[in-house]
Every structure is written in structure tokens, then in C-alpha cells.
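S.K.: Dropping a structure here in C-alpha cells format, bear with me for questions.
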Amino acid sequence: MVGAMILGCLDDFRGREARGWARPADGEEPQTVEFIIDGEMAGRARANQYREDLVKVGICEWLAGFSFSIPDRFCDGLPHDVDVHLVGSSEPLARSPLVFTFGREIKEKQLWCERVLALNVVDRSAFEASIGKTRKLAIFATYHRHCAHLDYHRRIVASLTKSGFTVLIVHATDDPAGRLSLIEVEDCFTLIRRNIGYDFGSYATGLMMFSDMLPSLDELILLNDSVVLVADDLYPVLQRFRLADADVVSCTDSFEIQHHLQSYFVWFGAAALASGALISFMTNYSFTSVKGNVIEEGEIGLSSAMRASGLRLRSLYDYATVAARWLDDYEQNVRYILDLPGGIVEGGKSIFKAKNLELLDHISYNILSGIPTNPSHFFWDTLIDYFDFPFLKRELIIANPCVVPTYSKIASYLLNDEVRAAVFEMTQVYGGSLVPAMIARGQDERATIHRREQDSTLFANESTAKAEVMIAPRHATTFFGRS
């Protein structure tokens with residue numbers, strides 16, 4: 001075979017990422033390659049990535065792929081010679097050296113973030129040391145009007161650092177002085193910035209200002225403070241991300257406008273970081289302050305850009321599966337609403353209960369008709385009960401903007417004193433006019449619903465017109481292809 005004598009190859013560039021492969025030493029041990037740019041030692045990379053294309057053509061059955069992010073100082077719009085060889089050898093890999101021009105856009109956007117947006121200075125040496133130790137980074141986008149982070153922010157930070165992540169909080173503020181009391185936790189750093197571009201503006205600022213450190217990461221998480229951690233720990237969901245057999249993984253996905261991963265918590269694996277696709281996307285992000293544009297350019301645009309780069313995307317709790325599970329519980333939710341106390345009575349019927357049953361029916365209609373439904377709001381209890389979802393959306397708790405009919409169940413998911421205290425503090429800072437109803441049955445609520453489910457006679461005799469239009473959940477099972 002012609003390629004049998006080739007030790008390796010510099011294949012191509014994706015954005016600022018150089019990609020290639022090197023045949024393992026002794027048939028198994030991954031090689032280390034050196035990058036020489038314009039005669040200057042620029043860095044090394046381990047050839048320990050799986051390359052299915054190499055296996056298929058019989059070049060190598062072991063780990064052999066490598067990727068290397070070109071340092072910022074060479075991103076100046078000028079041509080550069082890139083030479084790659086094995087450590088300890090002066091013989092270049094096939095197709096090396098290559099001449100490549102790296103755009104100045106990355107450097108320009110980085111300088112803009114530093115000079116225009118940043119209101120404080122992060123200790124780069126301490127941050128780099130933390131990254132070198134953890135090899136995992138979480139960029140946490142926050143915004144609120146107080147000069148100190150809240151308990152619900154602290155719970156998320158504590159869980160991430162406990163799980164081995166370095167956390168970079170990027171806090172957007174309307175205060176030109178950038179006043180904020182920092183979270184004094186090991187491996188937690190805070191960058192304060194001007195409030196431009198919503199959460200994607202924070203993601204982009206954090207990534208652009210520290211883009212040179214991305215090649216040393218094994219994992220990256222982008223998350224924002226639109227969610228409240230109600231689980232004890234994030235570690236179980238982090239493990240699911242790692243086992244998801246994908247390069248970019250979110251908690252939930254959405255079909256609104258077009259299919260995309262929801263961006264409140266997104267995980268990027270080593271292949272995604274090595275591709276250069278994320279930095280390329282953030283370099284071109286416009287920092288729009290029009291919320292609708294943030295969704296299309298930011299959230300939807302991110303998924304589109306990652307797919308276009310050949311990366312594998314998935315959500316842990318995919319829409320179809322969660323929606324089908326919600327429909328399976330339709331009768332249970334009807335019983336829950338019927339069993340609620342109070343309500344204004346008119347003509348022997350509870351207006352409150354009838355309204356919520358109508359809303360419940362509307363959700364099922366949308367699901368069965370293929371009309372996109374926001375899973376993190378409408379399916380919140382299904383996600384927690386059946387999929388161990390660790391979050392509640394902040395806006396659901398304080399405002400219920402989607403008018404979710406099972407809203408009154410939320411209180412029974414806030415039984416942990418620490419979580420309840422954090423939620424109470426959050427409502428004071430962010431506002432909102434709703435307070436989760438503290439239903440007397442509390443912890444026994446779900447057990448009570450289960451008992452009601454067994455009593456079909458009681459259910460059949462309930463006095464409500466909406467009980468007659470209930471959609472049987474088994475119809476949904478076939479619709480979504482579940483057995």
C-alpha cells in the first residue's frame with residue numbers, strides 16, 4: 001500500500017485548527033507532534049484522537065489523529081509557514097510545511113472584548129493554572145441588578161467546581177463601575193462586562209478573551225442563570241453528557257423556528273473544541289441586543305454552525321421522547337388539577353380548574369399536531385420525575401410566562417430548605433409576581449396522585465366538561481414511535 005511508509009500527514013485547517021494524523025509508535029502508543037511556525041516552536045499536540053477514516057482505509061487501527069489551535073500571535077492576516085514533525089525527528093509529516101493565512105478577525109474581536117466590554121481584569125496566570133489542573137471549563141453567564149451573586153448562582157458554581165470544572169463567571173452589568181462582590185471559591189473566576197448581547201454576549205466574551213486556552217481543554221460547558229439547580233448535584237448529568245456519543249450535547253432541544261439545542265446548558269467535548277468551529281462562530285457573533293435576534297443568531301445559529309462543521313449534536317432529553325412521556329401522564333395531570341383545592345364556582349363547575357384543564361388540552365393538541373412546545377417550561381415536571389432533570393427555569397418559577405397549567409406542583413419540588421431559601425432570594429432580586437403555592441400535602445402529593453389514578457370511578461364522576469375531551473395518552477405512544 002502506497003501510504004504504508006508514511007509516518008503521518010498534516011491534513012488541513014478548520015478555522016485556526018490544524019488537523020492531521022501520525023502513525024502510533026510500536027503500533028499502539030500515540031505519538032506527539034511539534035508545530036514549527038515561521039521557524040518558531042509554536043507548540044505540541046498528542047496524536048490520540050480516533051479517526052474512523054484512517055481505520056476504513058487501513059492506515060491505522062489505533063488512536064492517531066491530532067489537532068492544534070494556532071496561537072493568537074499568528075492570527076494577523078499574513079501568510080505563515082506551518083511545519084509539523086514528530087518529536088525527536090526533523091522529518092516533516094506528509095503535506096508539511098503548508099502556507100496558511102490566519103484571519104485577523106479573531107485577534108480584533110479579542111481586543112474589542114478586552115478594551116470595550118471588560119470592566120475588570122482576571123488573573124490570567126491563576127486562571128491558566130486552574131485550567132491546566134482541571135482541563136474542564138464552564139463559562140457561566142449571569143445578569144442581575146445586585147452587587148453580589150445570589151445563593152442560586154453559588155449552588156451552581158459549587159456543584160461545577162466540586163465536579164472538577166474551572167468556572168469563569170461572565171457577569172453582564174449596567175453599572176459602568178462594574179461593582180460586584182466576587183464568589184471566593186477555588187477554581188472560580190469572575191469577568192465583569194458591559195451588558196451587551198445577552199447571554200451569548202457573555203459566552204462570546206469569555207471564549208474570545210481566553211481563546212488561547214481552549215486547546216488545553218477536554219470539556220467546555222456554556223450555561224446561563226436562567227435555571228435554578230433543584231437537584232443535589234450536577235455530577236450525574238455531567239456523566240450523561242460524556243456518555244452521549246456526541247460532540248455537542250444540550251439538556252433539551254427545541255423545534256421552534258427550526259430544530260436546535262437549547263443553550264441554557266450546553267456541553268462541548270474535545271472534538272468540538274479541536275474543530276475550531278466554536279471560536280469561529282463566536283468571532284462572527286454580532287453581540288445583538290435585540291432578543292429575537294439573539295435566539296436566531298445565537299441559539300439557533302450555534303446549532304447550525306456546529307452541524308455545518310460536521311460535529312455530532314444531540315440533547316440528553318430529546319423533545320419527542322419527553323413529549324411522549326408527558327402525554328402518557330395526561331390523565332394523571334387531569335386528576336391533579338381536579339383534586340386541587342378552591343376555585344371560583346359557576347354553575348357547579350370550578351372556573352379555575354376548567355381553565356387549567358383547557359390549557360392542558362391545548363398542550364396535548366400542540367404535541368399531537370406537531371406544533372413546537374417549549375420543553376423546559378411545559379414539560380418541567382416530566383423532565384424531573386422521569387429523566388432526573390436537575391433544573392427548574394427561573395422564569396417559570398417567578399412569572400410562568402407560558403401559563404403552564406401544572407404550575408402549582410412546583411412547591412412540592414422545592415422541599416429542600418437550601419433550595420427554597422435560594423428561590424426566595426431570587427424572587428426578591430429578579431421580581432415576578434408569582435409565588436409557588438405551598439399545597440398542604442407537600443411530599444405526599446405524588447403519592448396522592450398515584451392513589452387517585454387507581455380510583456377510576458372517582459375520576460369518571462368528576463364534574464368538569466374538560467374531562468370529556470381528554471386525549472388518551474396511548475395514542476401518543478404510536479405517534480412518537482415508542483414501544
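S.K.: Is it true that some residue in segment 192-200 is crowded, with 22+ Cβ neighbours inside 10 Å, under 17 Å from the mean Cα position of the chain (by Cα), outside the structural domain of LEU383 (by TED's automatic domain parsing) and within 30 Å of GLN49 (Cα to Cα)?
M.R.: Yes, that holds for at least one residue.
S.K.: Would you check if SER315 is of a type outside the set (A, V, I, L, M) and surrounded by 19 or more Cβ atoms within 10 Å (Cβ to Cβ)?
M.R.: It is true that SER315 is of a type outside the set (A, V, I, L, M) and surrounded by 19 or more Cβ atoms within 10 Å (Cβ to Cβ).
S.K.: So is LEU182 of a type outside the set (D, E, K, R), within 14 Å of PHE127 (Cβ to Cβ) and surrounded by fewer than 19 Cβ atoms within 10 Å (Cβ to Cβ) or not?
M.R.: Spelling it out, LEU182 is indeed of a type outside the set (D, E, K, R), within 14 Å of PHE127 (Cβ to Cβ) and surrounded by fewer than 19 Cβ atoms within 10 Å (Cβ to Cβ).
S.K.: Then there's this: Search segment 98-135 for residues being within 23 Å of ALA18 (Cβ to Cβ) and among the charged types (D, E, K, R), and hand back the single one that is farthest from the chain's Cα centre (by Cα).
M.R.: ARG104
S.K.: Would you please list the contacts, defined by Cβ atoms under 8 Å and residues six or more apart or on different chains, that run from a residue in segment 216-229 that is assigned by TED's automatic domain parsing to the domain that holds TYR264 and closer than 17 Å to LEU243 by Cα to a residue that is among the small types (Gly, Ala, Ser) and surrounded by fewer than 22 Cβ atoms within 10 Å (Cβ to Cβ)?
M.R.: Final answer for the pair search is ASP218/GLY269; ASP218/ALA270; GLU219/GLY269; GLU219/ALA270.
S.K.: Also: So the check is Cβ under 7 Å with 6+ separation or different chains; which pairs have a first residue in segment 130-159 that's β-branched (Val, Ile, Thr) and a second one that's surrounded by fewer than 17 Cβ atoms within 10 Å (Cβ to Cβ) and outside any strand (DSSP E or B)?
M.R.: If the second residue must be surrounded by fewer than 17 Cβ atoms within 10 Å (Cβ to Cβ) and outside any strand (DSSP E or B), the pairs left are ILE131/SER216; THR134/GLY164; VAL157/VAL185.
S.K.: Can you tell me which residue in segment 372-393 is farthest from SER315 (Cα to Cα), limited to those that are surrounded by fewer than 19 Cβ atoms within 10 Å (Cβ to Cβ) and of a type in the set (D, E, K, R)?
M.R.: So the residue we want is ASP385.
S.K.: Only one of these is part of a strand (DSSP E or B), under 25 Å from ARG420 (Cα atoms), of a type in the set (Ser, Thr, Tyr) and in the same structural domain as CYS113 (by TED's automatic domain parsing): THR142, THR161. Name it.
M.R.: THR142
S.K.: Still on this structure: Filter segment 154-179 down to the residues that are surrounded by fewer than 18 Cβ atoms within 10 Å (Cβ to Cβ) and among the aromatic types (Phe, Trp, Tyr) and list them by number.
M.R.: Correct list: empty.
S.K.: Would you point out which residue out of LEU396, LEU360, LEU368 is more than 26 Å from the chain's Cα centre (by Cα), assigned to a helix (DSSP H, G or I), buried (at least 20 other Cβ atoms within 10 Å of the Cβ) and among the aliphatic types (A, V, I, L, M)?
M.R.: None of the other options fit; the residue is LEU360.
S.K.: Please work out which one of (1) part of a strand (DSSP E or B); (2) at pLDDT 95 or above; (3) within 30 Å of LEU78 (Cβ to Cβ) is the condition ALA172 fails and give its number.
M.R.: If we test ALA172 against (1) part of a strand (DSSP E or B); (2) at pLDDT 95 or above; (3) within 30 Å of LEU78 (Cβ to Cβ), just (3) comes out false.
S.K.: Also, I was wondering about something else. How many residues does segment 301-355 hold that are within 21 Å of TYR407 (Cα to Cα) and either free of Cβ contacts under 8 Å to residues at least 60 places away in the same chain or not hydroxyl-bearing (Ser, Thr, Tyr) (or both)?
M.R.: Residues meeting the conditions: 28.
S.K.: Shifting gears a bit: Tell me which of these ILE371 doesn't satisfy, since it passes every other one: (1) in contact (Cβ under 8 Å) with a residue 12 or more places away in the chain; (2) under 19 Å from GLN262 (Cα atoms).
M.R.: (1)
S.K.: Restricting to segment 50-73, name every residue that is surrounded by fewer than 19 Cβ atoms within 10 Å (Cβ to Cβ) and not small (Gly, Ala, Ser).
M.R.: Those that are surrounded by fewer than 19 Cβ atoms within 10 Å (Cβ to Cβ) and not small (Gly, Ala, Ser): TYR50, GLU52, ASP53, VAL55, LYS56, VAL57, ILE59, GLU61, TRP62, PRO71, ASP72, ARG73.
S.K.: Of all residues in segment 82-107, how many are modelled with pLDDT of 85 or more, surrounded by fewer than 14 Cβ atoms within 10 Å (Cβ to Cβ) and outside any loop (DSSP other than H, G, I, E, B)?
M.R.: Qualifying residue count, segment 82-107: 1.
S.K.: Could you tell me whether ASP225 is buried (at least 23 other Cβ atoms within 10 Å of the Cβ), touching a Ser or Thr at 6+ places or on another chain (Cβ under 9 Å) and modelled with pLDDT of 95 or more?
M.R.: yes
Per-residue answers, yes or no, for (1) more than 14 Å from VAL249 (Cα to Cα); (2) outside any loop (DSSP other than H, G, I, E, B); (3) assigned by TED's automatic domain parsing to the domain that holds ARG51; (4) modelled with pLDDT under 95:
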| residue | (1), (2), (3), (4) |
| --- | --- |
| GLY298 | yes, yes, no, yes |
| MET306 | no, yes, no, yes |
| LEU311 | no, no, no, yes |
| ALA324 | yes, yes, no, no |
| LEU327 | yes, yes, no, no |
| GLU331 | yes, yes, no, no |
| ARG335 | yes, yes, no, yes |
| PRO341 | yes, no, no, yes |
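The values are calculated or read from the model by the stated rules, or taken from the named source; none is laboratory data. Every value quoted in this text rests on a predicted model; they were computed, and no experiment measured them. Positions of Cβ are generated from backbone atoms using ideal geometry, with glycine treated the same way; all protein chains shown enter the neighbour counts.
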